Amino acid sequence: MATWSAPGKVFLFGEHAVVYGKPGVAMAIKPRVFVTVRKTRNPTRPKSPYIDECFRMMGVRGSVYVHSQLQSSSGLGSSAAVTVATLSAINDEFNLGHAREYIAETAFAIEKKVQKGRASPTDTYVCANGGMVLITGNSKRRLPPENLQVVVGNTLVPHSTAKMVELVGALQRKHPEVANPILDAIGALTLAALHNIGNPKELGQYMDMNHALLEALGVGHPVSSKLVLAARASGAYGAKITGAGGGGCIIALCPRRAKSRVAGAIEACEGRAIITSIDTDGARKE
Ligand code: PMV
């Protein structure tokens, strides 16, 4: 029997603009998905196209048990975490000897297949490797980890990443003269934020700017706005949509002492709060 876990992820800066080749920064966060795999003659496992594909790609059969601290379809990368943890546990239980890189690439191939080509390599990379990652075009680079204190606010409004990416695409085609400068500005503020990564107060201001620009792209939602404003009013350094928007989650960068107050303010707006911080571990044997 082998148990492996993998973390969720948030976008700190640059979502949507990364689709247009601009830089983005993503970070693995503490809530995890735990997967146990066991060699058995009569495999039992949850109904999941991701898990089915993991066994097909690895060419073995086995039982699976999943315990997830991440809500699915919230933009926190839960499908990538399930896929990476399952592949890692299969690799271990059947002594297949694959490296972490192979696991991340296979997980991306599985996400692409299950999500019909619409997967992002960011989720699988960040959740396999942990820490903070700079994404530029097809290249990904691990950044030195910063101990950022974060509260995630889930709007509980379901969203579709594919639809939101398409919405920005439609705006960009219709009004390139408006959309392109917004995407450029997001890229520029992401780079400026990277230069100030050790200064949370400053980072908070960049988050606020990034949020406004995401709203200008049309991926805002009344509930995300409410949670962002509540987080700022209760002491966050800054707050923004994280991920595709149109619902989904927000993140607030907070002084450590303000985290529970910010979480309380999010819950008072009927969002679900997760108090968290960076996870430097990536996929890990339990
Ligand atoms: O919904 P999420 O958290 O998986 O974020 C999607 C991020 C986008 O930039 C909108 C799309 C992408 O593939 O990078």
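Please list the three semi-axes, largest first and in whole Å, of the ellipsoid equivalent to the stretch 61-194, using sqrt of 5 times the eigenvalues of its alpha carbon gyration tensor.
Calculated on Cα positions only, the semi-axes equal 30, 18, 16 Å.
Calculate one ³J(HN,Hα) per residue across the stretch 157-162 by plugging θ = phi - 60° into the Karplus curve 6.51 cos²θ - 1.76 cosθ + 1.60, and present them in order as whole Hz with x for glycine and proline.
8, x, 9, 10, 4, 4
Over the stretch 9-71, calculate the relative contact order: mean separation of alpha carbon pairs under 8 Å at least 6 apart, over the residue count, as a percent.
It rounds to 34 percent for the stretch 9-71.
Can you tell me the 0 to 90 degree angle between the C-alpha axis of helix 78-93 and the longest principal axis of the chain, rounded to 10?
Helix 78-93 and the main axis of the chain meet at about 30 degrees.
Under a point-charge model restricted to the Cβ atoms of Lys and Arg (+1) and Asp and Glu (-1), what is the dipole moment magnitude of the chain relative to its Cα centre, in debye to the nearest 20?
Charge dipole of the chain: 580 debye, to the nearest 20.
So for the chain, taking the charge dipole from beta-carbon charges (+1 Lys/Arg, -1 Asp/Glu), which of SER120, PRO43, VAL178 sits furthest toward the positive end?
PRO43
Using the Cα centre of the stretch 221-286 as the reference point, and only Cβ charges (+1 on K/R, -1 on D/E), how large is the resulting charge dipole? Debye, rounded to the nearest 20.
220
Carbon and sulfur atoms: what percent of the 1.4 Å accessible area of the stretch 1-86 do they account for?
Of all accessible area on the stretch 1-86, carbon and sulfur atoms account for 51 percent.
As a test of the definition: which semi-axes, in Å, follow for the stretch 1-144 when you take the square root of five times each eigenvalue of its alpha carbon gyration tensor? Largest first, please.
After scaling each eigenvalue by five and taking roots: 26, 14, 14 Å.
Where does the chain land on Rg(C-alpha)/(2.2 N^0.38 Å)?
Normalised Rg, Cα atoms only: 0.98.
Quick one: if you stick a label point 7 Å off each Cα along the C-beta vector at GLU286 and ALA216, how many nm between them?
Spacing of the two 7 Å Cα→Cβ label points: 4.4 nm.
Report the Rg/Rh value for the stretch 107-156, based on alpha-carbon coordinates and the Kirkwood definition of Rh.
So for the stretch 107-156, dividing Rg by the Kirkwood Rh gives 1.04.
Once both axes come from the Cα atoms, what is the angle between helix 100-114 and the longest principal axis of the chain, in degrees from 0 to 90, rounded to 10?
80
Relative to the longest principal Cα axis of the chain, at what angle does helix 200-217 sit, 0 to 90 degrees, rounded to 10?
90
Among ARG232, ARG142, ARG257, whose mean-square fluctuation peaks in a Gaussian network model of the chain (Cα, cutoff 10 Å)?
So, out of ARG232, ARG142, ARG257, the one fluctuating most is ARG257.
Suppose only helical runs count, i.e. DSSP H with n ≥ 4. What mean residue ellipticity at 222 nm does that imply for the chain under -39500 (n - 2.57) per run, divided by all residues and rounded to the nearest 500 deg cm²/dmol?
-14000 deg cm²/dmol
Ordered by packing density, taken as the mean number of other Cβ atoms within 10 Å over each peptide's residues, highest first, how do 23-33, 260-270, 156-166 rank?
Top of the packing list down: 23-33, 260-270, 156-166.
Per residue, what accessible area does the chain have, given a 1.4 Å probe and all protein chains present, in Å²?
43
Treating the beta-carbon of each Lys and Arg as +1 and of each Asp and Glu as -1, no other charges, what is the dipole magnitude of the stretch 3-90 about its Cα centre, to the nearest 20 debye?
Using Cβ point charges on Lys, Arg, Asp and Glu, the stretch 3-90 gives about 360 debye.
Measure up LYS9/LYS140; LYS30/LYS285; LYS30/LYS259; LYS9/LYS201 against 19 Å on the Cα-Cα distance and list the ones that go over.
From LYS9/LYS140; LYS30/LYS285; LYS30/LYS259; LYS9/LYS201, over 19 Å: LYS9/LYS201.
Below 8 Å, C-alpha to C-alpha, sequence gap of six or more: please give me the relative contact order for the chain in percent.
Value for the chain: 26 percent.
Taking amide hydrogens as modeled 1.01 Å from N in the peptide plane, which residues meet the under 5 Å criterion relative to ARG45, leaving out close sequence neighbours?
Hits under the 5 Å cutoff: VAL64.
Across the stretch 145-235, what fraction of all alpha-carbon pairs, as a whole percent, falls in each successive 10 Å bin from zero upward?
14, 40, 37, 9, 0
If amide hydrogens are placed 1.01 Å from N in the peptide plane, which non-local residues have theirs closer than 5 Å to the one on LYS30?
Close amide H contacts, sequence-distant or interchain: SER277, ASP279.
The values are calculated or read from the model by the stated rules, or taken from the named source; none is laboratory data. Keep in mind that this is a model prediction, so the values were computed, not measured. No Cβ is skipped: glycine too gets one built from the backbone with ideal geometry, and neighbour counts run over all protein chains shown. Protein only, heavy atoms only, side chains kept; ligands, DNA and RNA dropped before computing areas. Shrake-Rupley method; radii C 1.70, N 1.55, O 1.52, S 1.80 Å.
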